[in-house]
Amino acid sequence: MDQLKAIKYFIKVVETQSFTLAAKSFDVPVSSLSRRIADLEESLSATLLKRTTRKVSVTEVGRRYYNQVREVVSLLKDTDEAVRSYQTTPMGVLNISAMVGFGERILIPLLDEFNHLYPKITLNVTLSDQLTDLAKDEVDIAIRGGYAPQERVTAIKLMENEFIAVAAPSYIKQQGNPKSAIELKEHRGLFFNTPMGATPWLCEVAGQWLDVSGPSVLYFQDGSCAAILIQVS
């Protein structure tokens, strides 16, 4: 039995003093409405309404029950309206955690526009390349690179994230210019370090992804410097 619906039916019958008018207001058959109220009475082990061929009236216990449930249903209605209003006009604090490079280059430039569109939302932005435990940290939106975490979160792909190996002209002059991705293994470089370990240099060769990482010289936690070949004296 849908108790809330049965209670609403009961309230309407009390207010209209008619099963027919109550059923019409809910656009349901009189028999269906009457049966639900009967089920409600059975669950309460009480007679809420007196039924005759001419009219319907409320019993003493029915009147007390009506006064109590009417307030509850009214409160639920007000609560529903408040939630709908909140959804219509977003407000509150939105906690965002983003990678440093993404935050500085993409996210922060968008904040003025976001604030103009949603002036009642206060943004709490944290920039970090560390992994975030969404179950422990107070984060509503976490922007990270790589695969979706093994958590009960909604993961949405925002953009492609590719690493590009580059080198200073002086390094190329001294060590030579790699002719293929495989030759990167012969060059020492800087690696982007994550809590899961260093991010390897991956390259698609003949339809297969290969690890072409060279010997590491330095680990760095700024994603904007993820794969840079550097000269070592």
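Label sites at residue 43 and residue 158, each approximated as a point 7 angstrom past Cα along Cα to Cβ, lie 4.6 nm apart.
Please compute the length gained on full extension between residue 180 and residue 141, using 0.36 nm multiplied by the number of residues separating them and subtracting their Cα-Cα distance. So the chain would gain 10.1 nm between residue 180 and residue 141. Volume of the convex hull of segment 1-95 (Cα atoms only), normalised per residue: 127 Å³. Label separation (residue 52 vs residue 125): 7.3 nm, computed from points 7 Å beyond Cα along the C-beta direction. Using the Cβ-Cβ distance between residue 170 and residue 217 with R0 set to 22 Å, the FRET efficiency from 1/(1 + (r/R0)^6) comes to roughly 0.90. The residues packed around residue 60, meaning those with a beta-carbon under 15 Å from its beta-carbon, carry a net charge of +2 if Lys and Arg are +1 and Asp and Glu are -1. Of the cross-linked pairs 157/185; 77/120; 8/50; 5/77, those separated by over 20 Å at the C-alpha level are 157/185; 77/120.
Values quoted throughout were computed directly from the atomic coordinates according to the rules given, and no laboratory measurement underlies them. These numbers were taken from a predicted model, which means no experiment stands behind them. All Cβ positions, glycine included, derive from the backbone under ideal geometry; neighbour counts span all protein chains shown.
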